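The values are calculated or read from the model by the stated rules, or taken from the named source; none is laboratory data. This structure is a prediction, so every number in the text was calculated from the model and none was measured. Note that we place each Cβ from the backbone using ideal geometry, even for glycine, and neighbour counts take in every protein chain shown.
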Amino acid sequence: MNDLEVRIVTLPPLRVICFNGFGPSPERLAFDKASAWLKANGMWEDGQQRRFFGYNNPDPSPGSPNYGYDVWVTVDETVQAGGDGHIIEFPGGLYAVTRVEAGPRGEGIYETWQALAAWVEHSQYKPEYCRRPCLEESPDPFHSPPGGFTLDLYEPISG
């Protein structure tokens with residue numbers, strides 16, 4: 001992936017509601033919780049522009065098919081936590097970002113994460129894994145075409 005296109009982005013502070021899924025396919029579980037919450041709170045089609053981020057939490061363990069995945073949905077200060085969700089005030093920060101056009105089962109995501117990590121390793125930036133999570137932003141997580149989906153991968157860095 002020598003032709004990896006990487007942009008440097010300052011992610012602003014975000015207020016999000018977080019939903020966790022846990023199991024062999026936790027991403028869908030977490031997005032289903034987020035979807036149900038948005039619908040139950042009249043926020044499914046309210047015209048608000050929302051961003052959707054996700055990341056492993058906890059990471060997979062050797063020998064277990066189960067792991068966790070958190071989904072963040074951006075919300076404003078009037079929104080209160082409820083159901084399975086809790087509010088997080090994310091401080092934002094500097095990120096190296098690349099896009100992946102993933103296959104229907106997520107093909108290409110792992111390889112693109114590896115390429116992004118290698119890019120950071122050979123760049124002027126330093127990884128900041130311990131301070132902020134690596135994030136996956138999904139432009140439209142609830143309407144993915146059957147042939148695959150798009151993700152922007154965010155790796156935390158410092159200059």
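Could you list, in sequence order, the residues of the stretch 104-153 that are surrounded by 14 or more Cβ atoms within 10 Å (Cβ to Cβ) and among the aromatic types (Phe, Trp, Tyr)?
Residues satisfying the conditions are Trp113, Trp119, Tyr125, Phe149.
Which of the numbered conditions does Ala36 fail, given that it passes all the others? Conditions: (1) among the aliphatic types (A, V, I, L, M); (2) farther than 16 Å from Glu136 by Cα; (3) buried (at least 17 other Cβ atoms within 10 Å of the Cβ).
So Ala36 meets the others, but not (3).
I'd like to know if the stretch 83-96 contains one or more residues that are surrounded by 13 or more Cβ atoms within 10 Å (Cβ to Cβ), at negative phi and in a loop (DSSP other than H, G, I, E, B).
Yes - at least one qualifying residue is present in the stretch 83-96.
Based on what the data block shows, is Asn66 over 20 Å from Ser138 (Cβ atoms) and modelled with pLDDT under 95? It would help to see each step written out before you state the result.
Numbers: over 20 Å from Ser138 (Cβ atoms): yes; modelled with pLDDT under 95: no.
No, not satisfied.
Mind counting the residues in the stretch 61-88 that are over 17 Å from Gly42 (Cα atoms), over 15 Å from the mean Cα position of the chain (by Cα) and in contact (Cβ under 8 Å) with a residue 60 or more places away in the chain?
Of the residues in the stretch 61-88, 2 are over 17 Å from Gly42 (Cα atoms), over 15 Å from the mean Cα position of the chain (by Cα) and in contact (Cβ under 8 Å) with a residue 60 or more places away in the chain.
Could you tell me whether any residue of the stretch 72-95 is touching a Gly at 6+ places or on another chain (Cβ under 6 Å), at pLDDT 95 or above, β-branched (Val, Ile, Thr) and farther than 18 Å from Ile8 by Cβ?
Step one: list which residues in the stretch 72-95 are touching a Gly at 6+ places or on another chain (Cβ under 6 Å), which gives none.
Within the stretch 72-95, none of the residues are touching a Gly at 6+ places or on another chain (Cβ under 6 Å), at pLDDT 95 or above, β-branched (Val, Ile, Thr) and farther than 18 Å from Ile8 by Cβ.
Quick check on the stretch 119-140: of everything there that is in a loop (DSSP other than H, G, I, E, B) and hydrophobic (A, V, I, L, M, F, W, C), which residue is modelled with the highest pLDDT?
Kept after step one, since they are in a loop (DSSP other than H, G, I, E, B), are these residues of the stretch 119-140: 122-125, 128-134, 138-140.
From what's left, hydrophobic (A, V, I, L, M, F, W, C): 130, 134.
Details: Cys130: 84, Cys134: 97.
Going through the qualifying residues, I end up with Cys134.
Test Tyr55 against the stated conditions and say whether it is touching a helix residue (DSSP H, G or I) at 6+ places or on another chain (Cβ under 8 Å) and at pLDDT 95 or above.
Values: touching a helix residue (DSSP H, G or I) at 6+ places or on another chain (Cβ under 8 Å): no; at pLDDT 95 or above: yes.
No.
Would you check which residues across the stretch 124-159 are among the hydroxyl-bearing types (Ser, Thr, Tyr) and more than 12 Å from the chain's Cα centre (by Cα) and list them?
The initial filter retains those residues of the stretch 124-159 that are among the hydroxyl-bearing types (Ser, Thr, Tyr), namely 125, 129, 138, 144, 150, 154, 158.
Correct list: Tyr125, Tyr129, Ser144, Ser158.
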